[in-house]
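Only one structure is covered here, and it is reproduced in the block below.
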Amino acid sequence: MWQKIKNIYHFFRAFAAACFFRFPAEKLIVIGVTGTDGKTTTVNLIYEILKNAGRKVSIITSVNAVIGKKVYETGFHVTTPDPWDIQKYLRKMVDAGSDFAVLEVTSHGLDQNRVAFCNFQIGVVTNITHEHLNYHKTWQNYFLAKAKLLKGVKFSIINVDDNKSYGLLKKHASGKVIAYGIKNKADLTLTDFPFKLKILGDFNYYNALAAACVGQALRIKGEVIKKALEEFKGLSGRMETVYEGQDFSVIVDFAHTPNALEQALKTLRSLTNGKLIAVFGSAGLRDIDKRELMGEISGKLADYTVITDEDPRTEDPKKIAQAIAKGCKKAEGKEGKTFFIVNDRGKAIRFAVQKLAKRDDIVGIFGKGHERSMCYGKTEYPWSDQDEARKALKEFVK
């Protein structure tokens, strides 16, 4: 009941904001990107395609808002801002001369009507796996929230290889449905549109194909799309390498869902000649069920798992760690597989790079990525996985 009241409140707040800022979305071609994983990368790939095509484009992502030549911070742990801020950013885009707006949209933002009056013309869904069930309660509710993005759009772009959601999304989609994929027959595949990415991870080919579909829907030439994709250098905290002269690799990635962690570990496993070491935790007051799943995934794919804190908020970090450890134990019995609990994240990173890592190993630090704070209780403290990794590596190299 309370959530319904909150959603109505956000709807009227969005309407008031749209009125105050003179309905800026009506003067833009608005593209929305949602999904469990890959949203930020896909938004930025679309941005690069449009920019390379000479189009005037601005974006809002979980990292920041880029409007014209200005960059704005969008807040802590927030993907879809407050309705007032969204309309304010859209007005800034219009005033900056943008013709296109690309927005990263969460299930929360869609369910709570935070993106009402954005008038999406193109909707992209990357995938729908396991996340935010603490809020949505069931996968079906989570799916329905994501599917709202495709209502009333001119183009619905969906992943044919995301078996659980594809058929259902197709039923909810509006306008022209464009399917992309790698394994199954689709409107756009790597076979008929081949390209080579600089960024790590086979999963990024899905993000790139989704972005390419947007480019094609907007009638951008294939060679322009391909050039933008192949020149894209990646984002902070997305398969980002940290190097301070060590003889092993350290990668920082935002993977914080079971699917994202699995794909990231599979990618790193294919690249290492040594052992694979995973460092991660799970956020407090968020999807509880994913904790054990992530532990089991890491237990199967990583040689060593270091369980640590990741925004525990008001929950007991030790209980969160034990839930992850329960999943790791399911993978016990396989030679060389083991896990450790080091709640202090700084100490956990040092333990991984200074005690566990050897020549040719890969250390993957997951869950925080680009974020620059850690939440304990109700307080945000400055934090950076990259900075902590660099400090630990400099000490190790010396």
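The values are calculated or read from the model by the stated rules, or taken from the named source; none is laboratory data. Bear in mind that the values here come from a model prediction, so they are computed numbers and not experimental data. Positions of Cβ are backbone-derived with ideal geometry, glycine not excepted, and every protein chain shown enters the neighbour counts.
Criterion first (touching a Lys or Arg at 6+ places or on another chain (Cβ under 7 Å) and either part of a loop (DSSP other than H, G, I, E, B) or closer than 26 Å to Phe232 by Cβ (or both)) does Thr36 satisfy it? First the steps, then the outcome.
Numbers: touching a Lys or Arg at 6+ places or on another chain (Cβ under 7 Å): no; either part of a loop (DSSP other than H, G, I, E, B) or closer than 26 Å to Phe232 by Cβ (or both): yes.
It is false that Thr36 is touching a Lys or Arg at 6+ places or on another chain (Cβ under 7 Å) and either part of a loop (DSSP other than H, G, I, E, B) or closer than 26 Å to Phe232 by Cβ (or both).
Tell me the strands (runs of 3 or more DSSP E) entirely within segment 254-348 that contain at least 1 residues that are buried (at least 22 other Cβ atoms within 10 Å of the Cβ) and free of Cβ contacts under 8 Å to residues at least 60 places away in the same chain.
Values: elements: 276-280, 304-307, 338-341.
Here the list reads 304-307.
For (1) under 24 Å from Lys51 (Cα atoms); (2) in the same structural domain as Ile128 (by TED's automatic domain parsing); (3) not aliphatic (A, V, I, L, M), each residue gets a yes or a no:
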residue	(1), (2), (3)
Lys183	no, yes, yes
Ser249	no, no, yes
Asp253	no, no, yes
Ala260	no, no, no
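In the set Lys70, Lys51, which member is surrounded by fewer than 18 Cβ atoms within 10 Å (Cβ to Cβ), of a type outside the set (Asp, Glu), assigned by TED's automatic domain parsing to the domain that holds Val153 and under 18 Å from Asn207 (Cα atoms)?
It is Lys51.
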Practice problem: State all residues of segment 375-398 that are in a loop (DSSP other than H, G, I, E, B) and free of Cβ contacts under 8 Å to residues at least 40 places away in the same chain; if no residue qualifies, say none. | Solution: Trp383, Ser384, Lys398
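Restricting the search to segment 114-133, which residues are among the polar types (S, T, N, Q) and at pLDDT 90 or above? Write out each step before concluding.
First, the residues of segment 114-133 that are among the polar types (S, T, N, Q): 119, 121, 126-127, 129.
Residues satisfying the conditions are Asn119, Gln121, Thr126, Asn127.
I need a count of the residues in segment 189-222 that are in a loop (DSSP other than H, G, I, E, B) and either buried (at least 18 other Cβ atoms within 10 Å of the Cβ) or not hydroxyl-bearing (Ser, Thr, Tyr) (or both). Outline the logic, then answer.
If we filter segment 189-222 for residues that are in a loop (DSSP other than H, G, I, E, B), which is where we start, we get 189-202, 218-221.
Narrowing the set further to residues that are either buried (at least 18 other Cβ atoms within 10 Å of the Cβ) or not hydroxyl-bearing (Ser, Thr, Tyr) (or both) leaves 189-190, 192-202, 218-221.
Total meeting the criteria: 17.
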Quiz item: What's the number of the condition Val115 fails, among (1) in contact with a Gly (Cβ under 7 Å, 6 or more places away or on another chain); (2) surrounded by fewer than 18 Cβ atoms within 10 Å (Cβ to Cβ); (3) not aromatic (Phe, Trp, Tyr)?
Solution: (2)
Quiz item: Has segment 375-384 got any residue that is within 29 Å of Glu73 (Cβ to Cβ), among the charged types (D, E, K, R) and crowded, with 18+ Cβ neighbours inside 10 Å?
Solution: no
Quiz prompt | Search result, residues across segment 146-188 that are under 22 Å from the mean Cα position of the chain (by Cα) and hydroxyl-bearing (Ser, Thr, Tyr) | solution = Ser156, Ser165, Tyr166, Tyr180
Self-check item: segment 223-247 - residue that is under 17 Å from Leu50 (Cα atoms) and among the β-branched types (Val, Ile, Thr) and, of those, surrounded by the fewest Cβ atoms within 10 Å (Cβ to Cβ)
Solution: Val224
Quiz item: In segment 308-322, what count of residues is obtained for those that are over 21 Å from the mean Cα position of the chain (by Cα) and either closer than 29 Å to Leu271 by Cα or modelled with pLDDT under 95 (or both)?
Solution: 1
Quiz item: Considering segment 3-47 alone, what residues qualify as being at pLDDT 95 or above, within 25 Å of the chain's Cα centre (by Cα) and farther than 23 Å from Asn64 by Cα?
Solution: none
Practice problem: Give the residues of segment 352-370 that are outside any strand (DSSP E or B), under 22 Å from the mean Cα position of the chain (by Cα) and closer than 21 Å to Ile297 by Cβ, sorted by residue number. | Solution: Gly367, Lys368, Gly369
